[in-house]
Every structure is written in structure tokens, then in C-alpha cells.
Amino acid sequence: MDWKDAVSEIITQPSSRIRFSEPLAKHTHFGIGGEATAYIEVSTMSELAALARFHKQWDVPVAIIGRGSNLLVSDTGFKGISIRLVGALAKLEINGNVISVGAGLSLPRLSKTMSRHGLSGLEFALGIPGSVGGALIMNAGAWGSSFGDVVRNVTVMDDSGELITLTHDEARFEYRHSSLDTYFCVTGATLALESGDVDTITERMQTLFKQKTETQPFVEENAGCMFKNPPDDSAGRLIDISGLKGYRIGGAEVSTVHGNFILNIDNATAEDVLKLVAYIQEQVREKTGISLQTEVKRLGFD
Ligand SMILES: Cc1cc2nc3c(=O)[nH]c(=O)nc-3n(C[C@H](O)[C@H](O)[C@H](O)COP(=O)(O)OP(=O)(O)OC[C@H]3O[C@@H](n4cnc5c(N)ncnc54)[C@H](O)[C@@H]3O)c2cc1C
């Protein structure tokens, strides 16, 4: 049996779906990238476990994608199955100040819901357009806070479809990094937030959001910060002093608002973006002696 027929048999729930030759540009904030051989929105833990076992048995490449807000997909696409968690895998339960959240839930939605319940700790997250799974993998953060700060434990699935609960320390949260990408999939987390005043929390969340939209590009397609900040410095500052704001290759341009953002301003290809990344790294190294490392994840490149 062809693997495509075999994988189709796993997806049986009405809220799950499978498509073949799906353009991944549609599922990334960059709006760039070729097709995935198969694209699955999976809504139940049992289907996800079956996909894990399928991946192991058939040896077909699998990539879990969240909201695609930190992702550059190759122009030739991804020869494998890309999986997005929806439905029961994006659920939210609130018990006092302890929150149980599925990896598929949107981070801005989580941030807003927490503020409405007078729970503090995720005010920084309204302006980060990812999923909880992506925020756990990346330890997403802003304004001195990171997602890992509020995590009590994380649930991951291994490639036998078994769920494993990891403590905060076992997840090894670091600056824009965790150890969670060694598992088949991150399925959710338990968070501990601080109880507080709804109005104060909401005001802080809105203030941080406003500051972000005033200092970073929000309208054009992009993937957030392209480079990690070097210790005690800012990648945006280094790109700015290297005179690269507004520099363009093909359809990709360094934002004039914030140098650490590369924008897809005119049907940019992944190749345009990577050429621009290489040019920025070369120029910044020449002018400042600092080597910038990319923060954005790549999919479908050999
Ligand atoms: C306008 C804009 C502003 C941004 N601002 C910020 C910011 O202030 N701070 C910040 O840290 N980031 C920021 N980002 C980047 C991005 O939103 C974060 O990195 C976010 O956490 C990525 O989540 P995602 O769901 O979109 O992940 P994706 O981009 O879909 O994936 C990122 C990586 O995580 C993996 N992954 C995702 N979900 C799972 C899962 N459930 N299990 C296993 N692996 C998974 C993917 O395979 C990939 O390797 C910004 C992006 C944009 C477009």
C-alpha cells in the first residue's frame, strides 16, 4: 500500500482533515514555501498517537507546525507530512491559577483569556502570533519574560505514541530554545500563573501590545525576529548600524521599522530570504565582528 493511502486511514474524526500537495505558504506568516506532500489537521490524541506510530513504521518525514510564525519553508516544499494540532489538542482548562493547555491553542488567545480571568504572567504574549506548542519549543518571549517562566510541566509524545510528562527543569528552557524538539510532538503544558486584578493585567497586556506594534512591523508578512540577540546586544541594533535597513534582495527586504525583521514585500522566495540572511550575516560580521545566528526555523531544506 502507498503511504498516502495508509495515512489517510488514520484520519477518521470529523474535526480532523488531510490534504495532499498542500501549499505551506498558506500556513506560514512569511507566506513563502512550496507544497507539503500531505498536510494534516489532527484533532484527537488517539489520531496523533497513530500518526507517531505511522511515522516510525513507514519512515516518512513528519514536521509538526504550529501557526507557522517562526518558520521559513523551502521553495520546493516539504516531502513528508506536516501536522497541525487542532480541536481537542488546542483545549484550555482553568483550575484556579493552574492552567492546562493544549499545544494547538493560539498564544494571543491564551494571553487574552488569562487577562479576562485575572491571571498574570502571559501579558507579554498577546503580540506573539504563535501556538502554545511553538512557544514551548522556542521558549518565546518579549519584554524580559519568556513562556518557560510560567511552565510547571510539559507533555510530549514519543514516536511510539506514548505521552511523557516533563518537569519545567527537564524541558531545559533557554533563550529562544528548549530541549523539547527531540520528541515527536509537544502536546501541551500545565502553567502556574499569579492571581491579580483583571483591569491591571489587561492594561499591561494592551500597553505591551501597543509598544510592540509601534516598534515592529505587523502588517507585512514576516517570521518575527530573524536573528537571535547576541549576549548583551541586539541583533536589530547591529543590523541598523551596519546600514542594512531597507536593503532588498528579490522580494525580501530588511524592515525599515526594525532591522531584525525580514519582510516578504513582493512575492519573495525562500531563496531571496536566505540570500538576504547570508548578506546580513556577512555585513554585520565585517562591520562589528559579531556573527549573527538565525532564530527562524527552516523546513524542507536539505
Ligand atoms: C509579527 C511577529 C512577531 C513575533 N514576535 C515574537 C516575539 O516577540 N517573541 C518571540 O519569541 N517570537 C516572536 N515571533 C516568532 C514566533 O511567533 C514564535 O517563535 C512562536 O513561538 C512560534 O510559534 P508557532 O506556533 O508559530 O511555531 P512554528 O513557526 O509553526 O514552528 C516553530 C518551530 O516549532 C516547532 N513546533 C511547533 N509546534 C510544535 C509542537 N506542538 N510540537 C513539536 N514541535 C512544534 C516547529 O516544528 C518549528 O520547528 C514573532 C513572529 C511574528 C510573525
Subject >> Candidates 162, 174, 170 - the one that is open to solvent by 60 Å² or more (accessible area, probe 1.4 Å) and either within 18 Å of the chain's Cα centre (by Cα) or within 7 Å of the ligand (Cβ to nearest atom) (or both) >> reply: 174
Subject >> Single condition residue 238 does not satisfy, out of (1) in contact with a strand residue (DSSP E or B) (Cβ under 9 Å, 6 or more places away or on another chain); (2) more than 15 Å from residue 70 (Cα to Cα); (3) within 11 Å of the ligand (Cβ to nearest atom) >> reply: (3)
**OP:** Say whether the condition of being farther than 30 Å from residue 273 by Cβ, open to solvent by 10 Å² or more (accessible area, probe 1.4 Å), outside any helix (DSSP H, G or I) and within 14 Å of the ligand (Cβ to nearest atom) is met by at least one residue in segment 87-95.
**Re:** yes
**OP:** Just give me the residues in segment 126-159 being surrounded by fewer than 21 Cβ atoms within 10 Å (Cβ to Cβ), in a strand (DSSP E or B) and near the ligand (Cβ under 6 Å from one of its atoms), in sequence order.
**Re:** 141, 142
Subject >> Answer residue from segment 188-201, given it is more than 24 Å from the chain's Cα centre (by Cα) and of a type in the set (Ser, Thr, Tyr) and is surrounded by the fewest Cβ atoms within 10 Å (Cβ to Cβ) among those >> reply: 195
Subject >> Unique residue being touching a residue at least 24 places away in the same chain (Cβ under 8 Å), more than 27 Å from residue 272 (Cα to Cα) and more than 16 Å from the chain's Cα centre (by Cα) when the list is 124, 54 >> reply: 54
Original post:
Restricting attention to segment 219-242, and to residues there that are surrounded by fewer than 14 Cβ atoms within 10 Å (Cβ to Cβ) and not in a helix (DSSP H, G or I), which single residue is modelled with the highest pLDDT?
Top reply: 233
Original post:
Got at least one residue in segment 73-82 being open to solvent by 50 Å² or more (accessible area, probe 1.4 Å), touching a residue at least 24 places away in the same chain (Cβ under 8 Å), assigned to a loop (DSSP other than H, G, I, E, B) and among the charged types (D, E, K, R)?
Top reply: yes
Subject >> Selection status of residue 206, closer than 30 Å to residue 117 by Cα, within 13 Å of the ligand (Cβ to nearest atom) and open to solvent by 10 Å² or more (accessible area, probe 1.4 Å) >> reply: no
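The values are calculated or read from the model by the stated rules, or taken from the named source; none is laboratory data. Given the structure is predicted, the values throughout are model-derived calculations rather than measurements. We place every Cβ from the backbone using ideal geometry, glycine too, and count neighbours over all the protein chains shown. With ligands, DNA and RNA removed, areas are computed over all heavy atoms of the protein, side chains included. Shrake-Rupley method; radii C 1.70, N 1.55, O 1.52, S 1.80 Å.
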